[in-house]
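Take a look at the structure set out below.
The values are calculated or read from the model by the stated rules, or taken from the named source; none is laboratory data. All values derive from a computational prediction rather than experimental measurement. Note that each Cβ is placed from the backbone with ideal geometry, even for glycine, and that neighbours are counted across all protein chains shown. Protein only, heavy atoms only, side chains kept; ligands, DNA and RNA dropped before computing areas. Shrake-Rupley method; radii C 1.70, N 1.55, O 1.52, S 1.80 Å.
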Amino acid sequence: MAEHSVTAAALTARHQTAGSAASVRRLPGFGWSVGLIVPIMVLLLWQLAAGGAWIEADLLPSPATIAQTFWAMVQDGSLANDILVTVYRLALGFVLGTAAGTVAGLLTGALPLARRLLDPTLQALRSVPSLAWVPLFILWFGIYDTSKVILIAVGVFFPVYLNLMAAIAGVDRKLIEVGRVHDYGKLRLMLRIQLPAAMPLYLTGIRGGLGLGWMFIASAEMMGANNGLGFILTNGEEIGRPDQIIVAILAFAVLGKSTDWLLARTAERLTDWQDKLHPETGA
Amino acid sequence: MTRRLDISDLTKAFGAAPPVLGPLSLTLDGEGITAIIGRSGSGKSTFLRCLSGLETPTRGTAMLGGKPIRPAEVGFVFQEPRLMPWLSVRRNIAFGLSHLPKPERARAVEAAMALVGLSAAADYLPKQLSGGMAQRVALARALAPRPDLLLLDEPLSALDPLTRERMQDHILHVAQHIRVTILLITHDMDEALALANRVIVLRGPPGRIVLDVTIPEHDPAYAFPRDRTSAAFQAMRRRLIDALEPAPVALAR
Ligand SMILES: Nc1ncnc2c1ncn2[C@@H]1O[C@H](COP(=O)(O)OP(=O)(O)O)[C@@H](O)[C@H]1O
Ligand SMILES: [Mg+2]
């Protein structure tokens, strides 16, 4: 089922962009693998270049070296450990940020007064770069997990807050009127019309929040941590191990992409009532 | 018997602007369809919205059975279906029934679906419906709470001509099978003549009644389904057109 819909999405995407869509469509199951062609070519060229010593191994190790490092980090358990630490911090920060963003978005979306009071301040805080918070949070919450979790929560908060506020305030007046002719009070309008109608945009906000969460955790762990994927990055720089850095980067990429994919799938299932031409997932 | 609807001196102005409706007085007694026709902008929607509680009249009253109209007594169908896209047909129809216990709610939904011929589509989502089906769901949603007064604001004007005729049959069917006073807004006088036993022509702004004709109930010339080619039908049509046209004499009023 999952396989099938991803294939369909990939095919549709190709159909929109490339003239060769017809030939791809005739090969069911092949569509999704098209995205692998470029990375594999790059890997091959890279390996050739490294083998021929065209690039310095001290700066850019060969794919084979990276694979060895990866395997070593898997075997001594350090990679799994650092991934767990990072995912744990991210999960905490994500839950915290989503909860706070949901409360703030509900309040400001439903009550114009709350929006006039809160939104200008929150908008101002939103433009503070993520790294600028780090010294303050370390001072306030210490060098350990708390400061990192809070930083991630800040990153997650804004997309969730902004999207939910916009979604609730922007619910179609025509649907609200249907509630009003059925004698719905404010609370029932909120529960039975505004919240469900806001769901797609809210989920988009949560997805955006998760993406920012991954950005922020890299910042957090690069400034004063002794474990986690971000620590592998700074540590790799200190001990001169680009292979180790690249393994961490790849781990970030894979984790970020797969958690986003999971969220997108969930969101799509929750809002499959939408009358959309193409699913968003899988692309 | 249905309860009597008494509208007296109903007037609506938006803000400081001159009134768009009224003063308008009207009494509806009994079942059947009263059609209101008028050009675009003549205040027809404003009139229905004042009756439903969506707008508050600036002056005047609307009473049902001697008391101010309560929202629970009114069913409303808009020009667009306005279904909740996340709810199935069944749950859309149950939208105004949350005060009922479950078994009764289910029964009311089934009855409303049967009335408009939707039983087979109960579990569809709105995105799977045609325009005509969606509008029938909206009709069933308005009927499910068993209103005394059914307000239809150009419910057919967004439909294609063939679907529109079938929808007209559905509305006629409803009028003949349940006790409800129906006010139908349309800008199509053939539609008004095909369905109504009373036709009111509104002209404005500010919207006022310029013609109010009751169609002779027992005259065979107007038996349902009405023969649109008959001389009586055509003569009545002529009267409505004359009332709609802002003729110089009428303007001088
Ligand atoms: N909410 C509103 N605010 C201001 N003017 C309105 C509003 N609703 C309707 N009007 C005005 O009232 C007049 C009558 O509108 P309406 O009742 O919708 O006419 P109809 O349904 O006959 O086409 C129009 O001139 C319209 O611009
Ligand atoms: Mg109108």
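Pull out all pairs, ordered by first then second residue, where Cβ-Cβ is under 6 Å, the residues are six or more apart or on different chains, the first lies in the range A:24-44 and is at negative phi, and the second is of a type in the set (S, T, N, Q) and at pLDDT below 65. Pairs found: A:31/A:7; A:32/A:7.
Each residue in the range B:210-241 was checked for being assigned to a strand (DSSP E or B) and hydroxyl-bearing (Ser, Thr, Tyr), and 1 pass. The residues on offer are A:252, A:231, A:216, and the sole one that is part of a helix (DSSP H, G or I), among the aromatic types (Phe, Trp, Tyr), away from chain B (no Cβ under 14 Å) and open to solvent by 40 Å² or more (accessible area, probe 1.4 Å) is A:231. Here residue B:57 meets the list (1) more than 14 Å from every other protein chain (Cβ to nearest Cβ); (2) within 16 Å of ligand 2 (Cβ to nearest atom); (3) not polar (S, T, N, Q) almost entirely, failing just condition (2).
State all residues of the range B:7-20 that are touching an Asp or Glu at 6+ places or on another chain (Cβ under 9 Å) and part of a strand (DSSP E or B); if no residue qualifies, say none. Selection gives B:12 alone. A single member of B:209, B:200, B:185 is β-branched (Val, Ile, Thr), in contact (Cβ under 8 Å) with a residue 60 or more places away in the chain and open to solvent by 10 Å² or more (accessible area, probe 1.4 Å), and it is B:209. Under the condition of being open to solvent by less than 50 Å² (accessible area, probe 1.4 Å) and within 15 Å of ligand 1 (Cβ to nearest atom), the residues counted in the range B:22-44 number 9. In the range B:121-159, how many are more than 13 Å from residue B:73 (Cα to Cα), within 12 Å of another protein chain (Cβ to nearest Cβ) and away from ligand 2 (no atom under 16 Å from the Cβ)? Counting residues in the range B:121-159 that are more than 13 Å from residue B:73 (Cα to Cα), within 12 Å of another protein chain (Cβ to nearest Cβ) and away from ligand 2 (no atom under 16 Å from the Cβ) gives 9.
Working only within the range B:79-114, note down all residues that are within 16 Å of ligand 2 (Cβ to nearest atom) and of a type outside the set (S, T, N, Q). Passing the criteria: B:80, B:81, B:82. Scanning the range B:47-59 for residues that are open to solvent by less than 20 Å² (accessible area, probe 1.4 Å) and touching an Asp or Glu at 6+ places or on another chain (Cβ under 8 Å) turns up B:48, B:54. Of all the residues in the range B:1-52, those that are within 16 Å of ligand 2 (Cβ to nearest atom), under 15 Å from the mean Cα position of the chain (by Cα) and charged (D, E, K, R) number 2.
Okay, residues lined up against (1) under 17 Å from residue B:34 (Cα atoms); (2) within 16 Å of ligand 1 (Cβ to nearest atom); (3) among the basic types (Lys, Arg); (4) open to solvent by 10 Å² or more (accessible area, probe 1.4 Å):
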position: B:133; (1), (2), (3), (4): no, no, no, yes
position: B:140; (1), (2), (3), (4): no, no, no, no
position: B:145; (1), (2), (3), (4): no, no, no, yes
position: B:158; (1), (2), (3), (4): no, yes, no, yes
position: B:167; (1), (2), (3), (4): yes, no, no, no
position: B:171; (1), (2), (3), (4): yes, no, no, no
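For the range B:86-93, does any single residue satisfy the condition of being more than 10 Å from every other protein chain (Cβ to nearest Cβ), out of contact with any Lys or Arg (no Cβ under 7 Å at 6 or more places or on another chain) and touching a residue at least 24 places away in the same chain (Cβ under 8 Å)? The answer is yes, given that some residue of the range B:86-93 is more than 10 Å from every other protein chain (Cβ to nearest Cβ), out of contact with any Lys or Arg (no Cβ under 7 Å at 6 or more places or on another chain) and touching a residue at least 24 places away in the same chain (Cβ under 8 Å). Restricting the search to the range A:220-234, which residues are closer than 12 Å to residue A:252 by Cβ and touching a Gly at 6+ places or on another chain (Cβ under 9 Å)? The answer is A:221, A:222. Of all residues in the range A:126-137, none are hydrophobic (A, V, I, L, M, F, W, C), open to solvent by less than 40 Å² (accessible area, probe 1.4 Å) and within 14 Å of another protein chain (Cβ to nearest Cβ).
For beta carbons closer than 9 Å, sequence separation of 6+ or different chains, a first residue in the range A:120-135 that is more than 17 Å from residue A:217 (Cβ to Cβ) and a second that is assigned to a helix (DSSP H, G or I) and not hydrophobic (A, V, I, L, M, F, W, C), the qualifying pairs are A:122/A:108; A:122/A:161; A:126/A:161.
Residues in the range B:60-78 that are assigned to a strand (DSSP E or B), away from ligand 2 (no atom under 16 Å from the Cβ) and either farther than 22 Å from residue A:180 by Cβ or open to solvent by less than 50 Å² (accessible area, probe 1.4 Å) (or both): B:60, B:62, B:64, B:74, B:75. Reported count of residues in the range B:117-131, each being in a helix (DSSP H, G or I) and open to solvent by less than 30 Å² (accessible area, probe 1.4 Å), is 2. The residues on offer are A:164, A:210, A:201, A:151, and the sole one that is open to solvent by 20 Å² or more (accessible area, probe 1.4 Å) and hydrophobic (A, V, I, L, M, F, W, C) is A:201.
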